[in-house]
Amino acid sequence: MAARRARWLSWFSLVWMAAEGVLGLVAGLDGGSIALVGWALGSVIEAAASVIVIWRFTGSRTLSEGAERGAQRAVAVSFFLLAPYVAVEAISDLITGRAASATALGLAVTAASLIVMPLLGHAKRHLGQRLGSGATAGEGTQNLLCAAQAGAVLIGLAATAAWGWSWLDPAVALLLAGWAVREGISAWRGDDCC
């Protein structure tokens, strides 16, 4: 029953993140926000983590320790995929002083993520503990990271729009890239991220 729930939550996440990623990417490119673009591309990585967990809890892999370790490592790799791109773009924006602008779509999509992602993240982390699955718990951590990123992007865009703080959007992006690397290292080592 818990494995079925983990699959169901991962399927829901997959659909949600596809929509979130497309809408966030459109808004980020339109507003010139590397933090928003990075957050949207992070949704693609989170969707990959959802696919990994669905794979992990399908068929004979449900009880396989080897599948668990492979899934956990794959989730860890997904944490590492986004950090270099976001870091390079953020540093470029800091150097050039390129300012992001807030768009209604960007504000709406990040606000929605602030509601949905913590619910998914906590549910998956709880299931990860119940199932002894670091991959499931890692996917939940990614959902919580997504919510934190959404909040940071939202604050950055609002502060840039209100006070012209062009440095805040790329600074937020750099912090989020660092956090993703740290979580990836933890998941790779097999640390209990619950």
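Structural remarks
- Of all residues in region 25-50, those being hydroxyl-bearing (Ser, Thr, Tyr) and at pLDDT below 80 number 1.
- Qualifying residue in region 47-57 (condition: of a type outside the set (Val, Ile, Thr), outside any helix (DSSP H, G or I), under 18 Å from residue 130 (Cβ atoms) and open to solvent by less than 10 Å² (accessible area, probe 1.4 Å)): yes
- For region 51-88, filtered to residues that are over 26 Å from residue 1 (Cβ atoms) and among the hydroxyl-bearing types (Ser, Thr, Tyr), the residue that is modelled with the highest pLDDT is 85.
- Evaluation of residue 83 against (1) under 16 Å from residue 41 (Cβ atoms); (2) touching a Leu at 6+ places or on another chain (Cβ under 7 Å) (one fails), failing number: (2)
- In region 148-168, residue nearest to residue 95 (Cα to Cα) [restricted to those that are at pLDDT 85 or above and open to solvent by less than 10 Å² (accessible area, probe 1.4 Å)]: 156
- Pairing each residue of region 11-33 that is more than 19 Å from residue 144 (Cβ to Cβ) and assigned to a helix (DSSP H, G or I) with any residue that is among the polar types (S, T, N, Q) and open to solvent by 10 Å² or more (accessible area, probe 1.4 Å), provided the two are 6+ apart or on different chains, yields C-beta distances under 7 Å for 27/103; 30/103; 31/101; 31/103.
- Hits in region 131-144 (condition: of a type in the set (A, V, I, L, M) and open to solvent by 10 Å² or more (accessible area, probe 1.4 Å)): 131, 144
- Selection within region 113-135 - in contact with a Leu (Cβ under 9 Å, 6 or more places away or on another chain), more than 12 Å from residue 13 (Cα to Cα) and in contact (Cβ under 8 Å) with a residue 24 or more places away in the chain: 114, 125, 127, 133
- Scanning region 16-51 for residues that are of a type in the set (Phe, Trp, Tyr) and under 17 Å from residue 83 (Cβ atoms) turns up just one, 39.
The values are calculated or read from the model by the stated rules, or taken from the named source; none is laboratory data. Since this is a predicted model, take the numbers as computed values, not measurements. Here the Cβ is made from the backbone with ideal geometry for all residues, glycine too, and neighbour counts use every protein chain on show. Side chains are part of the model used for accessible areas, which takes the heavy atoms of the whole protein and leaves out ligands, DNA and RNA. Shrake-Rupley method; radii C 1.70, N 1.55, O 1.52, S 1.80 Å.
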